[in-house]
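Peer 1: I have a structure I would like to understand better, so I am pasting it below and will then ask my questions one at a time.
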Amino acid sequence: MRIGKVKAIVSNLVIVSADETVMQNEICMIRLGQIFLKAEVIKVVGKDAYVQAFESTRGLKVGDEAIFQGHLLEADLGPGILTKKYDGLQNDLDKIETVFLTRGTYTDALDKDSEWDFTPITKIAETVRAGSWVGEVKEKNIPHKIMVPFLLEGEYTVKKVAEKGRYKITDTVAVIADKDGNETAVTMVQKWPVIRPLKEYKEKVRPYKLLETGIRIIDMMNPLAEGGTGFIPGPFGSGKTVLQHAIARQAKADVVVMIACGERANEIVEIFTEFPQLDDPQTGGKLIDRTVIIANTSNMPVASREASVYTGMTIAEYYRAMGLKVLVLADSTSRWAQALREMSNRMEELPGPDAFPMDLPAVVSGFYARAGHVKLVNDAEGSITFIGTVSPAGGNLKEPVTEATKKAAHSFYALSQQRADSKRYPAIDAIESYSKFLDYPELIGYMQQTISQNWKAEVVKMKDRLFKGHEAMEQINILGDDNVPLDYHEKFWKSELIDFVILQQDAFDAVDGFTALDRLKYMQEKVAEICESSFRFSDYEEIGGYFRAIINIWKQINYSLFQSEEFKGFNRQLDELLNQRKKTNESVPV
């Protein structure tokens, strides 16, 4: 047992004097009376270990004892994670009976007494390695694979495997031996240090398939690939949380990991109360059945915020190793960055822009790099798609956290305060936002097969029309309706058509909330046909009236089931309106 003494205390930063070797990121327990506070070593200088306490240090004194544990902060991985509500240290919040979290109280992440129906996959004498599947249990609707411990190295031979039946997570379900004959028992549960990426796979491949979210402005104009990364910056009140919840509910993912990193308590309560009630459109059950929630409110110690994002990502990597598609949503990474800034300042490190750590871009990039599409040791494929939100002060998209995240993420969904104030939701600014996946040949080929051969060309045209419509609107506002050519009004209203029909979407409507790819194809082609048509109008009021009529019909179409009789009826009305204008154009002399 290695013991140190508290030398200095600065809020939740504690300097411990240790006579023996201490590891970076090692866990230590600091004695406070009759309880112990969990802490993590973040810096070692000579005999002094700088540790960040995961709880309040109120009452701690110089000279108090610290016991080093010899391991890093670890996550318990096994059946029973889904539906759980954890804090950043993976304490099961449902097991805590008090209203407020009590210092020094830690709970088991998994239920060690529950039994699971185990089905063996591997056979005796088979060669396995870390991450190989030895069996399977049913966790809600997910085939939960039991794997060879990730900490093992080299190849092993299966000596024993349990028969099909019910077992506890601590029961031995297989025995494997290395080349020297040393045997290792395999249970359903294992540990993994959260700070280390879990890399038990053959290779990380380039994303090639769309992660279908059902949100038109994302799927059509700024696609997010399975295994890709994206982030959503925006000022407070611009709809980040609602957008994330819509993505969690609708995205074609097997498992969803929600990380509430430094969020206000009322928003976390909404997640706790709403998710168990939400129907899962993919399984027919409840959304919570394939969701795990990591919750750290803004009033918790800053160290817990950092632990929460790494714990959530480790759980996601665990399910990816089963060949599953995992979606990770973190809200908000700005508060994680603020925690890094706070600890950096307490350690008196050289500050970067806005006093954030100098290595902030490297930390953010390293975390985002843990997402990805991988090929596993058995040639199955799994993916982690990561979407983080950023809350820049005053909506300033040039601040350090946003700039650092831009360098790391593939997709950028900028929320506009102006669109939010105008009730144009989702408030994603189509002009400012972008997706680097638009340049991925693999994804382009996939979208050409599933939507249209002209998909990318139409997206480029649509963005150009939005930009020209924005310019026309500025000219109209400056010069007045009567003092600009009619084609300015036409450009503006065509951009408004794209906005009302495609960009805006009702997240709370059962039909309009999710747009499948076949419907997206219809919408893209129909809107392109209208925008490419040449119209003749006598004045700007006629232009506005005509396009308002088109938009009103389109709204009804968007609220109608695709290819239903109601849908077809509104579609006929739209065709009649367009054909009527074509006849009018033919009768008007040039």
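The values are calculated or read from the model by the stated rules, or taken from the named source; none is laboratory data. What you see is a predicted model; the values in this text were computed from it and never measured. Cβ: placed from backbone, ideal geometry, glycine included. Neighbour counts: every protein chain shown. The accessibility values were calculated without ligands, DNA or RNA, using every heavy atom of the protein model including side chains. Shrake-Rupley method; radii C 1.70, N 1.55, O 1.52, S 1.80 Å.
Peer 1: Heavy-atom accessible area per residue, the range 154-295, 1.4 Å probe: how many Å²?
Peer 2: For the range 154-295, the per-residue accessible area is 39 Å².
Peer 1: A further question on this structure: Can you list the residues of the range 323-352 with backbone N under 12 Å from a point 7 Å past the Cα of Glu403, pointing along Cα to Cβ?
Peer 2: Answer for this model: 352.
Peer 1: I've got another one for you. Which value, in Å², gives the accessible area per residue of the range 428-521 when a 1.4 Å probe is used on the protein heavy atoms?
Peer 2: That works out to 48 Å² for each residue.
Peer 1: Let me ask you something else. Cut-off under 12 Å on the C-alpha distance; same-chain residues fewer than 8 positions from Lys179 excluded. Which aspartates and glutamates are left, in chain and number order?
Peer 2: Partners found: Glu153, Glu155.
Peer 1: Would you compute, for the Cα atoms of the range 181-253, the largest minus smallest coordinate along each principal axis and list the three values in descending order, in whole Å?
Peer 2: That works out to 59, 29, 20 Å along the principal axes.
Peer 1: Which of Ala549, Asn585, Leu561 sits closest to the plus end of the dipole of the range 497-590, meaning its Cα is farthest towards the positive end, when Lys and Arg get +1 and Asp and Glu get -1 on the C-beta?
Peer 2: Asn585
Peer 1: Can you list the lysines whose alpha carbon is less than 18 Å from that of Lys47, not counting same-chain residues fewer than 8 positions off?
Peer 2: Lys5, Lys7
Peer 1: Checking the cross-link filter: which aspartates and glutamates have an alpha carbon closer than 17 Å to that of Lys456, excluding same-chain neighbours under 8 positions apart?
Peer 2: Reachable aspartates and glutamates: Glu212, Asp219, Asp439, Glu442, Asp464, Asp518, Glu525, Glu529, Glu532.
Peer 1: Moving on to the next point. Hey, which of these cross-link pairs are over 26 Å Cα-Cα: Lys191/Lys286; Lys240/Lys436; Lys123/Lys199?
Peer 2: Lys191/Lys286
Peer 1: Calculate, for the range 532-573, the solvent-accessible area per residue in square angstrom, rolling a 1.4 angstrom probe over the heavy atoms of the protein chains.
Peer 2: Numbers: 2360 Å² over 42 residues.
That works out to 56 Å² for each residue.
Peer 1: Give me the dipole magnitude in Debye, nearest 20, for the chain about the Cα centre, with unit charges on the beta carbon: positive for Lys and Arg, negative for Asp and Glu.
Peer 2: That gives a dipole near 740 debye.
Peer 1: Accessible area of Arg166, 1.4 Å probe, to the nearest 10 Å²?
Peer 2: About 130 Å², ignoring ligands and nucleic acids.
Peer 1: Could you tell me what percent of the accessible area of the range 11-88 is made up of carbon and sulfur, with a 1.4 Å probe and every protein chain present?
Peer 2: In the range 11-88, the share of accessible area belonging to carbon and sulfur is 47 percent.
Peer 1: Going by a ≥ b ≥ c, the root eigenvalues of the Cα gyration tensor, does the range 66-117 fall in the rounded group (a/c under 1.5), the prolate group (a/b larger than b/c) or the oblate group? All intermediate terms of the calculation are to be shown ahead of the outcome.
Peer 2: Details: a/c = 2.18, a/b = 1.21, b/c = 1.80.
Cα axes put the range 66-117 in the oblate bin.
Peer 1: Based on the mean of other Cβ atoms within 10 Å per residue, sort peptides 251-262, 400-411 so the most packed one is first.
Peer 2: The packing order, highest mean first, is 251-262, 400-411.
Peer 1: Go ahead and estimate [θ] at 222 nm for the chain from helices alone: -39,500 (n - 2.57) per DSSP H run with n ≥ 4, summed, over the residue count, rounded to 500.
Peer 2: On the way: 13 runs with 183 residues, N = 590.
The helix contribution divided over the chain gives -10000 deg cm²/dmol.
Peer 1: My understanding is that a pair violates if its Cα-Cα distance is over 28 Å; which of Lys494/Lys568; Lys252/Lys521; Lys252/Lys463; Lys84/Lys398; Lys202/Lys398 do that in this structure?
Peer 2: Cα-Cα > 28 Å for Lys84/Lys398; Lys202/Lys398; rest within.
Peer 1: Using only protein heavy atoms and a 1.4 Å probe, report how much of Thr107 is accessible, in Å² to the nearest 10.
Peer 2: The accessible area of Thr107 comes to roughly 30 Å².
Peer 1: Answer rounded, prolate or oblate for the chain, using the Cα gyration tensor with square roots of eigenvalues a ≥ b ≥ c: rounded when a/c is under 1.5, else prolate when a/b is larger than b/c, else oblate.
Peer 2: Since a/c reaches 1.5 and a/b is larger than b/c, the shape of the chain is classed as prolate.
Peer 1: Only helices at least 24 Å long along their own axis, judged from Cα atoms, and with Kyte-Doolittle mean hydropathy of 1.6 or greater: name those in the chain from DSSP H.
Peer 2: Within the chain not a single helix satisfies the rule.
Peer 1: Which value, to two decimals, describes the C-alpha radius of gyration of the range 136-210 once divided by 2.2 N^0.38 Å?
Peer 2: It is 1.32.
Peer 1: How large a share of the accessible area of the range 508-590, in percent, is made up of carbon and sulfur atoms when the probe is 1.4 Å and the other protein chains stay in place?
Peer 2: 50
Peer 1: Could I ask something else about it? Among Ile121, Gln244, Ala427, whose Cα projects farthest towards the positive end of the dipole of the chain, with charges put on the beta-carbon of Lys, Arg (+1) and Asp, Glu (-1)?
Peer 2: Checking the options against the dipole of the chain, the answer is Ile121.
Peer 1: Report the one residue of Gly154, Phe535, Leu37 whose Cα lies farthest in the direction of the positive end of the charge dipole of the chain (charges on C-beta: Lys and Arg +1, Asp and Glu -1; origin at the Cα centre).
Peer 2: Looking along the dipole axis, the top candidate is Gly154.
Peer 1: Below 11 angstrom from the Cβ of Ala248, what's the summed charge of the other residues (Lys, Arg +1; Asp, Glu -1)?
Peer 2: Within the 11 Å Cβ shell, the charges total -1.
Peer 1: Starting from the Cα-Cα distance between Met347 and Lys583, subtract it from 0.36 nm times their residue separation and give me the gain in nm to one decimal.
Peer 2: 77.5 nm
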